[in-house]
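The values are calculated or read from the model by the stated rules, or taken from the named source; none is laboratory data. Because the structure is a prediction, the values reported are computed rather than measured. Note: ideal-geometry Cβ built from the backbone for every residue, glycine included; neighbour counts use all protein chains shown.
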Amino acid sequence: MLFRSGRLNLTKLAGVGFAGVTLLVLASSVAAFGGAQTRQWGGAVAEGYGNVGPIGLTLMTEYVLPFEMASVLLLVGIVGAVVVAKRRL
């Protein structure tokens with residue numbers, strides 16, 4: 001609610017105003033640029049360019065141990081953050 005005990009909560013009102021201005025700027029940008037546009041660049045593209053297959057093959061063959069160690073480290077960090085956050089609640 002914007003009203004608390006008969007007084008206007010200015011923080012919430014400022015948030016609503018900021019959200020409105022942000023939406024207005026976003027809508028005007030989309031209208032001005034016509035939404036998503038495709039760009040046409042000249043020149044030929046090499047075969048397989050932009051394909052993630054070689055990256056996945058390299059990660060799962062040559063770098064599988066460092067890749068798995070990084071994933072375990074990230075998992076431990078996520079679990080630790082959840083435990084710390086639960087203590088504060």
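Could we say that ASN51 is at pLDDT below 80 and loosely packed, with under 10 Cβ neighbours inside 10 Å here? Considered against the rule, which asks whether it is at pLDDT below 80 and loosely packed, with under 10 Cβ neighbours inside 10 Å, ASN51 comes out as yes. SER29: of a type in the set (Ser, Thr, Tyr), modelled with pLDDT under 85 and over 25 Å from the mean Cα position of the chain (by Cα), yes or no? Judged against the criteria, SER29 is not a match. Filter the range 1-26 down to the residues that are surrounded by 10 or more Cβ atoms within 10 Å (Cβ to Cβ) and assigned to a loop (DSSP other than H, G, I, E, B), then identify the one that is modelled with the highest pLDDT. Here the answer is ASN9.
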